[in-house]
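Down below is the structure, laid out as structure tokens.
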Amino acid sequence: MIGAAKIEYYAKLFIGLKPSDILQLIDLAKSRKLEKDELYIKEGDTRKKIAYIESGLIRAYAVKESGVEKTILLLQEDKFVASHHILILDVPARYNYQVLEPTLVRELKYEDIDAFLTNRPVLQEARKYFLRQNLAEALIKIESFIMLSPEERYLDFVEKNPDLSNRVHDKYIASLLGITPVSLSRIRKRISK
């Protein structure tokens, strides 16, 4: 269950949301346990849903025509998981969302959230904030691929996600950073010296 401190945190984070609003959203959400290797969202899915990750880890990846998997996102505790293709673009999911370890989520149907926010005009600012945050994260990721070297991207990743190195296979981290596992190993060796 989401604790009082976390409720207060999200009330401050999302402008216009009060703790009572968050509690109402929690009441709408269904708790769901996901098993390791389960696909939470499959490429081609169209069901509109969003979930808050209470515990666990989910990887979003695309499969290239060659069959190679490319990791797009790693989502852990206190993050939201949803397919932006389905929710924003209104097209089927283009990525698979794979559970990397036993995961507990609080899942909401998007239409329930939409109705909740639509019936409370004061909360439209919270919706805009959430969308702006997602856009900003995407732009930061694009900028990092343009402006940073692979080593700088790795150091940034470790700084922002200190515990993920121990929870995620190196091949997924390397893919997320746009490098090979061998390059990741070399970078780590250089840094450790």
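Among the residues of the range 108-146 satisfying the criterion of being touching a residue at least 60 places away in the same chain (Cβ under 8 Å) and outside any helix (DSSP H, G or I), which is farthest from His84 (Cα to Cα)?
Once the filter is applied, the top-ranked residue is Arg120.
Within the range 159-181, the residues that satisfy the criterion of being in a helix (DSSP H, G or I) and either touching a Pro at 6+ places or on another chain (Cβ under 9 Å) or basic (Lys, Arg) (or both) are Lys160, Asp170, Lys171, Ile173, Ala174, Ser175, Leu177.
Of Tyr110, Tyr95, all but one fail to be open to solvent by less than 70 Å² (accessible area, probe 1.4 Å), modelled with pLDDT under 95 and aromatic (Phe, Trp, Tyr); the exception is Tyr110. Could you tell me how many of the residues in the range 46-67 are in contact with a helix residue (DSSP H, G or I) (Cβ under 7 Å, 6 or more places away or on another chain) and open to solvent by 10 Å² or more (accessible area, probe 1.4 Å)? Selection size over the range 46-67: 4.
Each residue in the range 147-187 was checked for being open to solvent by 50 Å² or more (accessible area, probe 1.4 Å), over 22 Å from the mean Cα position of the chain (by Cα) and touching a residue at least 24 places away in the same chain (Cβ under 8 Å), and 1 of them qualify.
Where residues in the range 76-107 are part of a strand (DSSP E or B) and hydrophobic (A, V, I, L, M, F, W, C), which of them is farthest from Ile53 (Cα to Cα)? Filtering first and then ranking leaves Leu100. Scan the range 119-149 for residues that are within 29 Å of Thr180 (Cβ to Cβ) and touching a helix residue (DSSP H, G or I) at 6+ places or on another chain (Cβ under 8 Å) and the total you get is 4.
The values are calculated or read from the model by the stated rules, or taken from the named source; none is laboratory data. As the structure is a computational prediction, the values presented were derived from the model and not from experiment. Don't worry about glycine lacking a Cβ; one is built from the backbone with ideal geometry, like all the others, and counts go over all protein chains shown. These accessible areas exclude ligands, DNA and RNA; they are computed on the full protein's heavy atoms, side chains included. Shrake-Rupley method; radii C 1.70, N 1.55, O 1.52, S 1.80 Å.
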